[in-house]
Structures are given as C-alpha cells and as structure tokens.
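For reference, the structure is listed below as structure tokens.
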Amino acid sequence: MHSKVLTLISHHLCPYVQRASIVLSEKGVAFERTYIDLTAKPDWFLRISPLGKVPLLAVPRGRTDAILFESAAICEYLEETQSGPALHPADPLLRARHRGWMEFGSSILADLWVYETTKDDVQFEAKRQVLKAKFAMLESEKGEGPYFAGAQFSMVDAVFAPVFRYFELFEALFPSGIFDGLPRVNAWRQTLAIRPSVVDAVTADYPERLIAFLQHHSAYLLTHSKIAA
Ligand SMILES: N[C@@H](CCC(=O)N[C@@H](CS)C(=O)NCC(=O)O)C(=O)O
C-alpha cells in the first residue's frame, strides 16, 4: 500500500477497529479508512495482514507503507508517536494496571462473541452470567467518573466504549440484568456513548448492520428477543 495519511483498514462492526479509531480521533489525527468484507477478504489484504484480521494501520513511509497489526500495538504506537492528550497514565504502575484492564476488556469481547452468536440457551445463559460477573468486577474497580480513571479519558475508555456500544442494541432486544445494580458502570456507559470520538468510530448504519449479523447467526439473543421483531 502507498497511503498519503494514516489509513485504518476496517470492518464496520469490529470493536477492535473502533478502539483504534477512537484513539486516532482523541489524538486529533487525520486518517482515512478502508473497509473490507471479512467474509471475502481481498488478496491485497491477506498479503499484508499476518493474522488475516482487522484492524491494520497503514503508516506512510517512503515508497511503501509500514503495516501495523493488532489493535493494542496500534494504540500504543499512536500513544508514542502522536501529539494530543496522553491516553495512558504517566505513572508506570498505573499504566501497567490500565494495560491489564484493557486486556480484561478484550476478554469481554471474546465472551460477547459467544453471547451474540450462540443459538443455544444454555451457552447463552452461561455467558450472561460470566458477563454479569465481569461488569460487577469493573464496578468495584472503577472510581468516581466520568471516565474509567476519573476526569481524563484514557485508553481503557477507548477499549470499553465499543464493548458498551453492543449493549445499546442487545439490552433493547433482550434485557439481561447484566447491568442491574451497577451505578458506576451505567454512568460510565452513558458518558462514553455520547463522546464524539466514540460516536464517530462507526457509520450511521451500525445498528442495522449488527441486526443483520445477528440474523445471519440466528442468534439466541434475537430469536428470543423480548421485543416484537
Ligand atoms: N487481537 C486482535 C483481534 C482482532 C479481531 O479479532 N478482528 C476480527 C474482526 S472484529 C477479524 O478481523 N476477524 C477476521 C478473522 O478472524 O478471520 C486485535 O486486537 O486487533
């Protein structure tokens, strides 16, 4: 690839792409996006994506771009190279803890993959319980808001905003009780949902695309939705 500006190779629903997009926006970096169809990956993409996954960040450098893969590596690179507000704490101990909570967010994304695709009631209920327990852990970890670590938006917020976005649709379809009795997490969800970098991380048709994804999987979440289809 030969880009003029940083280019984020994207998929419309991918939460890992969203976190990179949020970090780019928070840093005030101009960037472009190229969307690919993950069900028919183009050859050019397969040649440059070591794991066949998005996001990739194409960084203009001489005649060919340098390609970065893995969202955490992309976010750390942006933190180290771009001006704009720091998204990691300066204190090494705190920074390491934030990286741990970012990984915790990734583990929730793995749970969510099963939660949103399973057709099976037992597996759905098991994941509902896992998710409830993980968000309860976050409720105890989180201090006063509005963001994960107080007044400053951080990388942990960039990780959790796409996680919470799923639940805007999921909870409307199937009120799960996952967030019952979690005032701090609920306030955090609301704060992140209206942050411009978070809003801009997806296209306006995101909800329709997510519904189509659930339909494609005949997901329990949809087939047992509490609202009329
Ligand atoms: N650990 C990776 C996960 C990225 C990932 O799972 N991307 C998904 C889309 S959300 C993907 O590209 N899947 C295509 C595939 O696995 O074939 C990261 O943080 O970037």
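Under a Cβ-Cβ cut-off of 13 Å, what is the net charge of the residues other than A172 that fall near it, where Lys and Arg count +1 and Asp and Glu count -1?
With Lys, Arg at +1 and Asp, Glu at -1, the net is 0.
Once you have a ≥ b ≥ c as the square roots of the Cα gyration tensor eigenvalues for the chain, tell me rounded if a/c is under 1.5, and otherwise prolate or oblate according to whether a/b is larger than b/c.
Note, shape of the chain comes out oblate.
When the accessible area of the chain is computed with all protein chains present and a 1.4 Å probe, what percentage of it is carbon and sulfur?
That share works out to 57 percent.
Give me the dipole magnitude in Debye, nearest 20, for segment 22-168 about the Cα centre, with unit charges on the beta carbon: positive for Lys and Arg, negative for Asp and Glu.
Dipole size: approximately 260 debye.
Let a ≥ b ≥ c be the square roots of the eigenvalues of the Cα gyration tensor of segment 92-223; is it rounded (a/c under 1.5), or, if not, prolate (a/b larger than b/c) or oblate?
prolate
Leaving ligands and nucleic acids out of the surface, order V122, V198 by accessible area at 1.4 Å, largest first.
Reading off the accessible areas and sorting them downward yields V122, V198.
Suppose each label sits 7 Å from its Cα in the direction of the beta carbon; what would the L51-E139 distance come out to in nanometres?
3.1 nm
Would you kindly state how much longer the chain becomes between A126 and A204 on full extension, computed as 0.36 nm times their sequence separation minus their alpha carbon distance, in nm to one decimal?
Here the answer is 24.9 nm.
Starting from 0.36 nm per residue, how many nanometres of slack lie between E168 and E103 once their C-alpha separation is accounted for?
Between E168 and E103, full extension yields 21.2 nm more.
Quick check for you: which residues of segment 3-34 have the amide N under 14 Å from the point 7 Å beyond the Cα of R61 toward its beta carbon?
3, 6-7
Based on the alpha-carbon gyration tensor of segment 1-110 and its eigenvalue square roots a ≥ b ≥ c, which shape applies: rounded if a/c is under 1.5, prolate if not and a/b is larger than b/c, or oblate?
Because a/c hits 1.5 or more and a/b fails to exceed b/c, segment 1-110 counts as oblate.
Can you compute the helix-only [θ] at 222 nm over the chain? Use -39500 (n - 2.57) per DSSP H run of at least 4 residues, normalise by all residues, nearest 500 deg cm²/dmol.
-17000 deg cm²/dmol
Which of H216, H11, H88 moves the most in a Gaussian network model of the chain with Cα springs under 10 Å?
In the Gaussian network model the winner is H216.
Pull out the extension gain between S218 and A193, defined as 0.36 nm times the separation in residues minus the alpha carbon to alpha carbon distance; nm, one decimal.
6.3 nm
Looking at H224, Q190, T64, which one has the Cα that reaches farthest to the positive end of the dipole of the chain (charges on Cβ: Lys, Arg +1; Asp, Glu -1)?
The residue sitting farthest along the positive end of the dipole is T64.
Out of all DSSP beta bridges with both ends in the chain, state the antiparallel percent to the nearest 5.
65 percent
Using the alpha-carbon centroid of each, what span in Å lies between segment 6-43 and segment 47-87?
Segment 6-43 and segment 47-87 have Cα centres spaced 10 Å from each other.
Please compute the modelled spin-label separation between S3 and E80, points set 7 Å along Cα→Cβ, answer in nm with one decimal.
1.8 nm
With a probe of 1.4 Å, find how much accessible area the chain has per residue, and write the answer as a whole number in Å².
Heavy-atom SASA per residue in the chain reads 49 Å².
Provide K142, K4, K226 ordered by accessible surface of protein heavy atoms (probe 1.4 Å), highest first.
Sorted descending by solvent-accessible area, the residues read K4, K226, K142.
The values are calculated or read from the model by the stated rules, or taken from the named source; none is laboratory data. Quantities reported herein were computed from a predicted structural model and do not represent experimental measurements. Please note: Cβ atoms are built from the backbone with ideal geometry, for glycine as well, and neighbour counts cover all protein chains shown. Accessible surface is based on the protein model in full, side chains and every heavy atom, while ligands, DNA and RNA are left aside. Shrake-Rupley method; radii C 1.70, N 1.55, O 1.52, S 1.80 Å.
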